[in-house]
Amino acid sequence: MNVAPGRRLRELESLYRIIDRLGDRARVRTLTTVEHGGHRFPIHAVLLGSEDRRDPTLAVVGGVHGLERIGTRVVLAYLHTLTELLGWDEVLQAALERSRLLFVPLLNPVGMLTRRRSNGAGVDLMRNAPPHPDGNPSFLVGGQQISPRLPWYMGAEAEPMQPEAKALCELVRRELFEARLAVALDVHSGFGMVDRLWFPYARTRRPFPNLAEVYALKGLLDVTLPNHVYRLEPQARNYTVQGDLWDHLHDLHREHAPGRLFLPLTLEMGSWLWVKKNPRQAFSALGGFNPIKPHRLRRTLRRHLPLMDFLHRATASPDGWAYPDRASRERLAAAAFELWYA
Ligand SMILES: [Zn+2]
């Protein structure tokens, strides 16, 4: 792999160790490579489980924003545990015969290398999808086209999508759109005091079409892990964003896979709590987005394993919750509306 000596990314090295250990139990793809400083950095996907794309599929994505190293590490922590389990756990082996797991642990390697939120071109990948006419973005944070030197830059108008964003969209279309149920978890950090689970839309406060299903998933999470730490809510309750890749992919899925279900979720880890407990870290570039103290890092790496395991189980066993009959669907949607939009 052509990674510059001395400029290696620890996260990529961890991924390669896991890939070696997985051996032929995984299908590994290089989605694309991105250039920085005369070297090319790969973006990898790792697929586990059934080879039938119609089977329920959970995708776990990290490192969209280069500053948020902890997101990639949380994804790698889950992949590490699965790798070890696959060596002996017959329950997991059986579950993966009829379900699929897809990982993109590090979508923005150049951003992580250069300690920037954006990619190498200064573009915020989570603002880089085509703008939607319904979009009503918050000022600046919702995406801007003033300058790539400011955060939240969407890219120039009419310019094609950035290679990282394009690679993710193509992968999701290829590997998730045929699945009878697809769930995605995109892991971020940097907002708020609590860990949030966001669902679309990001671009508007209007309700999104799968309210009933996301409310059913919330019900399942609440009874299965009654002491979980997550606040599940529409992203737009916090701020609105133009160019969100998951909004875009959900739109495409509705258009191209009618009758099938795709629930993209974002885990937004509440990094302000780490800063509050260790105020000095606010003065470093990474400190606003990552746990710095070793015990807090370890706590964060284990904290989300139950959620990811739950999501795999819920995805692999959709019949009890993901396809409510018409009357239940109306009831669930009404309850969801009352909770999140009234
Ligand atoms: Zn982020």
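The values are calculated or read from the model by the stated rules, or taken from the named source; none is laboratory data. Keep in mind that what you see is a predicted model, and the values were worked out from it rather than measured. Because the Cβ atoms are built from the backbone with ideal geometry, glycine has one as well, and the counts that use them run over all protein chains shown.
Remarks
- The listed residues are ALA327, ALA336, and the only one of them that is away from the ligand (no atom under 16 Å from the Cβ), surrounded by fewer than 18 Cβ atoms within 10 Å (Cβ to Cβ) and either part of a helix (DSSP H, G or I) or not basic (Lys, Arg) (or both) turns out to be ALA327.
- Residues located in segment 114-145, provided they are crowded, with 16+ Cβ neighbours inside 10 Å, at negative phi and of a type in the set (Gly, Ala, Ser): SER118, GLY120, ALA121, ALA129, GLY135, GLY142
- A single entry from PRO207, PRO226, PRO258, PRO163 fulfils the requirement of being over 16 Å from the mean Cα position of the chain (by Cα) and closer than 24 Å to ILE43 by Cβ: PRO163.
- Selected residue [part of a strand (DSSP E or B) and either within 16 Å of the ligand (Cβ to nearest atom) or of a type in the set (Lys, Arg) (or both)] from ARG29, ARG17: ARG29
- Within segment 52-63, residues that are closer than 11 Å to LEU101 by Cα reach no partner that is modelled with pLDDT under 95 and surrounded by fewer than 24 Cβ atoms within 10 Å (Cβ to Cβ) with beta carbons closer than 8 Å at six or more positions or on different chains.
- So GLY243, is it in contact with a Gly (Cβ under 8 Å, 6 or more places away or on another chain), in contact (Cβ under 8 Å) with a residue 24 or more places away in the chain and farther than 17 Å from PRO200 by Cα: no
- Within segment 318-330, the residues that satisfy the criterion of being touching a residue at least 24 places away in the same chain (Cβ under 8 Å) and farther than 22 Å from ALA184 by Cβ are SER328, GLU330.
- On the stretch given as segment 88-146, residues that are within 16 Å of the ligand (Cβ to nearest atom), part of a helix (DSSP H, G or I) and hydrophobic (A, V, I, L, M, F, W, C) total 4.
- Verdict on GLY111 being closer than 20 Å to PHE191 by Cβ and crowded, with 16+ Cβ neighbours inside 10 Å: yes
- Per-region count, segment 34-60, residues touching a Ser or Thr at 6+ places or on another chain (Cβ under 8 Å) and either closer than 14 Å to MET112 by Cβ or within 16 Å of the ligand (Cβ to nearest atom) (or both): 5
The rows are residues; the columns are (1) charged (D, E, K, R); (2) over 16 Å from the mean Cα position of the chain (by Cα); (3) assigned to a strand (DSSP E or B); (4) within 16 Å of the ligand (Cβ to nearest atom).
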residue: LEU171; (1), (2), (3), (4): no, no, no, no
residue: GLU178; (1), (2), (3), (4): yes, yes, no, no
residue: ALA184; (1), (2), (3), (4): no, no, yes, yes
residue: GLY192; (1), (2), (3), (4): no, yes, no, yes
residue: LEU232; (1), (2), (3), (4): no, no, yes, no
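- Scope segment 61-81; condition away from the ligand (no atom under 15 Å from the Cβ) and of a type outside the set (Ser, Thr, Tyr); matching residues: LEU76, ALA77, LEU79, HIS80
- Residue within segment 281-302 that is surrounded by 18 or more Cβ atoms within 10 Å (Cβ to Cβ), small (Gly, Ala, Ser) and modelled with pLDDT of 95 or more present: no
- Members of segment 278-288 that are within 16 Å of the ligand (Cβ to nearest atom) and either outside any loop (DSSP other than H, G, I, E, B) or in contact with a helix residue (DSSP H, G or I) (Cβ under 7 Å, 6 or more places away or on another chain) (or both): LEU286, GLY287, GLY288
- Conditions (1) over 21 Å from ASP319 (Cα atoms); (2) in a helix (DSSP H, G or I): number failed by ARG205: (2)
- Segment 289-317 residues that are free of Cβ contacts under 8 Å to residues at least 60 places away in the same chain, paired with ones that are of a type in the set (Phe, Trp, Tyr) (beta carbon under 7 Å, 6 or more apart): ARG296/TRP274
- Here the condition is being in contact with a Phe, Trp or Tyr (Cβ under 7 Å, 6 or more places away or on another chain) and not in a helix (DSSP H, G or I); of LEU79, LEU67, LEU48, it holds for LEU67 alone.
- Looking only at segment 247-275, residues that are in contact (Cβ under 8 Å) with a residue 60 or more places away in the chain and either within 12 Å of the ligand (Cβ to nearest atom) or assigned to a loop (DSSP other than H, G, I, E, B) (or both) come to 8 in all.
- Here ASN227 meets each of (1) part of a helix (DSSP H, G or I); (2) free of Cβ contacts under 8 Å to residues at least 12 places away in the same chain with one exception, condition (1).
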